[in-house]
1. Quick one: Trp92 ticks every box in (1) without any contact (Cβ under 8 Å) to a residue 24 or more places away in the chain; (2) within 17 Å of Trp151 (Cα to Cα) except a single one, so which number is it?
2. Taking the condition of being surrounded by fewer than 14 Cβ atoms within 10 Å (Cβ to Cβ) and in contact with a Lys or Arg (Cβ under 9 Å, 6 or more places away or on another chain), how many residues in segment 35-70 meet it?
3. Can you find even one residue in segment 141-160 that is more than 23 Å from Arg41 (Cβ to Cβ) and among the charged types (D, E, K, R)?
4. Filter segment 128-178 down to the residues that are among the hydrophobic types (A, V, I, L, M, F, W, C) and out of contact with any helix residue (DSSP H, G or I) (no Cβ under 9 Å at 6 or more places or on another chain) and list them by number.
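Bear in mind these aren't lab numbers, they're just calculated from the coordinates by the rules spelled out. Predicted model only: the values in this text are computed from it and were never measured. Note that we place each Cβ from the backbone using ideal geometry, even for glycine, and neighbour counts take in every protein chain shown.
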Amino acid sequence: MASQASSEAPAPGFSVPVPALPKLGRTWYRRGALYWLCRTRTTVFILIVMAMFGLFAVSLYMGFRDLLPSTVRVVFDGVQVAASVVTLVWGWVAQRRSHREAMLNPPTPDQTRQAKRDRARRVPGRIALGRGLVLIAAPVMPAFAAWIVGWLLAWTTVREYPSEVGARRWLEEHRSGA
């Protein structure tokens, strides 16, 4: 039976395999055509989600807007446009700051997989909570949607994900035998 220390360090002449990351597999290491295909697939999916969510938010807002008197609609629409522009920028800035912080202390491959499992476990509860909040949030739904669009745009346009940086560091540490 191998001790923990001997099982962590690779035997001489053996290399440490490149760890697989969620959604990217092992393509992150070489960043070839398959890697960019994975990133493009994610971006296209996110664009479709953003379009559907934006359509939903505007439709919900239009239903709320029909209840307002015509003079108030013009003012309310102007406020919504201004709020949406501000929250779009706010979402972008919030994601970029979060990304910058994550790059300073990137997760290891195991931490990345655990975070993905934790997020997947929380999704059903968030969906149930979101259904109730959507009806309350109808008047500000376009601004909320704009924040999410800004956040997602910033997330999909980064050069490298923190999980990739963490996996690269992990790989370097384990290949050097540290």
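1. Failing condition for Trp92: (1).
2. Residues in segment 35-70 being surrounded by fewer than 14 Cβ atoms within 10 Å (Cβ to Cβ) and in contact with a Lys or Arg (Cβ under 9 Å, 6 or more places away or on another chain): 2 in total.
3. No; the residues of segment 141-160 include none that is more than 23 Å from Arg41 (Cβ to Cβ) and among the charged types (D, E, K, R).
4. If we filter segment 128-178 for residues that are among the hydrophobic types (A, V, I, L, M, F, W, C), which is where we start, we get 128-129, 133-138, 140-141, 143-149, 151-155, 158, 165, 167, 170-171, 178.
If the condition is that a residue be among the hydrophobic types (A, V, I, L, M, F, W, C) and out of contact with any helix residue (DSSP H, G or I) (no Cβ under 9 Å at 6 or more places or on another chain), then Ala128, Leu129, Leu133, Ile136 are the ones that fit.
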